[in-house]
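Following: one structure in structure tokens, then a few remarks.
The values are calculated or read from the model by the stated rules, or taken from the named source; none is laboratory data. Values in this document were obtained by computation on a predicted structure and should not be read as measured data. Cβ placement follows ideal geometry from the backbone for every residue including glycine, while neighbour counts extend to all protein chains displayed. Surface accessibility is based on the protein's heavy atoms, side chains included, excluding ligands, DNA and RNA. Shrake-Rupley method; radii C 1.70, N 1.55, O 1.52, S 1.80 Å.
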Amino acid sequence: MSSTDDRRFEVLRAIVADYVSTQEPVGSKALVERHNLGVSSATVRNDMAFLESEGYIAQPHTSSGRVPTDKGYRQFVDRIADVKPLSTAERRAILDFLESGVDLDDVLRRGVRLLAQLTRQVAVVQYPTLSASSVRHLEVVALTPARLLLVLITDSGRVDQRIVELGDVLDDEDLARLRGLLGGALDGKRLAAASIAVSELADEAPEDLRDAVIRSATVLVETLVEHPEERLVLGGTANLTRNAADFTGISGFPGSLRAVLEALEEQVVVLKLLAATQDAGTVTVRIGEETQVEQMRGTSVISTGYGAAGTVLGGMGVLGPTRMDYPGTIASVAAVARYIGQVLAER
């Protein structure tokens, strides 16, 4: 990289920093006054002219300063050398807050709320993808001799409870046999394989337990099937309205705030973006049109995977206007995802 290219990137970095901070177009005079660029105002003006000709910055109004374009933000993100680290106190506070969650639902809700507060953007987390989860344990509890409670626990911390109405009563010995049959078919299996195993169990069950096995298996198969509409938790949506001015067309050709809110309500759009996040520990940044979603043209999505024991359970991240604090947001997304995975692994 030549010194000229390095200098021009420093000008771009300064424009991004000032615009993110002030939300006002940035002029050459302000850059020279606020940043130690080590060059004259004339050189800065020439560099800004070059950056504009290459599509990294744009002039939203005549006689105004410049703002970064999606291409400019992308160049900035690709060359971030130092992602703002969280302090020891911040990391400890995040972990303590998440560890206080009573179950998977609570941990994910806490994670979303925390991430929205840290980044001042919309935070989103995908429920653990069932195909990536395994059955840790199945508990069978007799509520009455003719009614059972099935408690299915996965290695991701998900707990599902279902009631089974039996045609006949079961004594303690029959209950123990049923518990052994169901547990043997499910324990340790990925949920897709567990669903198949339990559906085939009726053919192998003893005659006197077949009806109870069929009724239990029917309930369990329904539990093991994924329900995509239940797999997303959102937090901090009101933060979009705080940044409403970012969706009025000042930077490139962003979508409207209403379109973004509608996309969030549909959820399938966000699920698609998170599904593309495969690796825990790798943060993906999609800026503007890189989301490939019409309603999201004015937004950036910063996402990563979270998981436990080397398995990615789902995606999480934040969504906000392209004018955002990328270093700080990347650090927050990475930290919260890492600690959610750590908390789930310990349960």
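Which ³J(HN,Hα) values, rounded to whole Hz and listed in residue order, are derived for the range 335-347 from phi using the Karplus coefficients 6.51, -1.76 and 1.60 in 6.51 cos²θ - 1.76 cosθ + 1.60 with θ = phi - 60°, glycine and proline given as x?
My calculation for the range 335-347 gives 5, 5, 4, 4, 6, 4, x, 5, 5, 5, 5, 8, 9 Hz in order.
Taking a probe of 1.4 Å, how large is the accessible area per residue of the range 132-222, in Å²?
I get 49 Å² per residue for the range 132-222.
For the range 132-222, what size does the Cα cloud have along each of its three principal axes, sorted from largest down, in whole Å?
36, 26, 20
So if R0 is 22 Å, what FRET efficiency would Val102 and Arg162 give, r being the distance between their Cβ atoms, rounded to the nearest 0.05?
0.65
Any idea how far apart Ala193 and Arg109 come out in nm if each label point goes 7 Å out from Cα toward Cβ?
Spacing of the two 7 Å Cα→Cβ label points: 3.4 nm.
What is the angle, in °, between the Cα long axis of helix 88-99 and the longest principal axis of the Cα atoms in the chain? Nearest 10 is fine, range 0 to 90.
30
Which order do you get for Lys189, Lys29 if you rank them by accessible area with a 1.4 Å probe, largest at the top?
These residues rank, largest area first, as Lys29, Lys189.
Test of understanding: in a Gaussian network model of the chain with alpha carbons linked when under 10 Å, which of Leu240, Leu114, Leu149 would top the mean-square fluctuation ranking?
The residue that fluctuates most here is Leu149.
Could you grab the relative contact order for the chain? Cα pairs under 8 Å, six or more apart, rounded to a whole percent.
Once normalised by length, the contact order is 19 percent.
Put Arg91, Arg113 in order of accessible area, largest first, 1.4 Å probe: what do you get?
Sorted descending by solvent-accessible area, the residues read Arg113, Arg91.
Would you mind checking the tilt of helix 41-53 against the longest principal axis of the Cα atoms of the chain, expressed as 0 to 90 degrees and rounded to 10?
Orientation of helix 41-53: about 50 degrees from the principal axis.
Kindly express, to the nearest 10 degrees and within the range 0 to 90, the angle between helix 3-22's C-alpha long axis and the longest C-alpha principal axis of the chain.
Tilt of helix 3-22: around 70 degrees.
Go through the range 188-195 residue by residue and turn each phi into a ³J(HN,Hα) via Karplus (6.51, -1.76, 1.60, θ = phi - 60°); whole Hz please, and just put x for glycine and proline.
Values per residue, Gly and Pro as x: x, 8, 4, 4, 5, 5, 5, 4 Hz.
What residue among Thr329, Thr218, Thr129 shows peak mean-square fluctuation when the chain is described by a Gaussian network model with Cα springs under 10 Å?
Of Thr329, Thr218, Thr129, the most mobile in the Gaussian network model is Thr218.
What is the percent carbon and sulfur in the accessible area of the range 132-222, measuring with a 1.4 Å probe over the protein chains and ignoring ligands?
52
What 222 nm value per residue comes from the helices of the chain, counting each DSSP H run with n ≥ 4 as -39,500 (n - 2.57) and dividing by all residues, nearest 500 deg cm²/dmol?
Only helices count here, giving -14500 deg cm²/dmol.
Which whole-angstrom value gives the distance between the alpha carbon centres of the range 147-167 and the range 267-329?
33
Run the accessible area of the range 2-76 with a 1.4 Å probe and give the carbon-and-sulfur part as a rounded percent.
44
Got a sec? What order do Arg7, Arg231, Arg109 fall in by accessible area at 1.4 Å, biggest, i.e. largest, first?
Arg109, Arg7, Arg231
Just the accessible area per residue of the range 2-76, please: how many Å² with a 1.4 Å probe?
50
Once you've got the GNM for the chain with C-alpha springs shorter than 10 Å, pick whichever of Val318, Val39, Val198 has the biggest mean-square fluctuation.
Fluctuation is largest for Val39.
What is the local net charge at Asp325, summed over the other residues whose Cβ is closer than 12 Å to its Cβ (Lys, Arg +1; Asp, Glu -1)?
Around Asp325, the charge tally is +3.
Here are labelled values, (i) 1.14; (ii) 0.97; (iii) 0.94, and one is the computed Rg/Rh (Cα atoms, Kirkwood Rh) for what I pasted. Which one?
(i)
Excluding residues on the same chain fewer than 8 positions from Lys84, give the aspartates and glutamates whose Cα lies under 15 Å from its Cα.
Output for Lys84: Asp325.
Would you mind checking which residues have amide H under 5 Å from Ala58's amide H? H placed 1.01 Å from N; only 5 or more apart, or other chain.
Val67, Thr69
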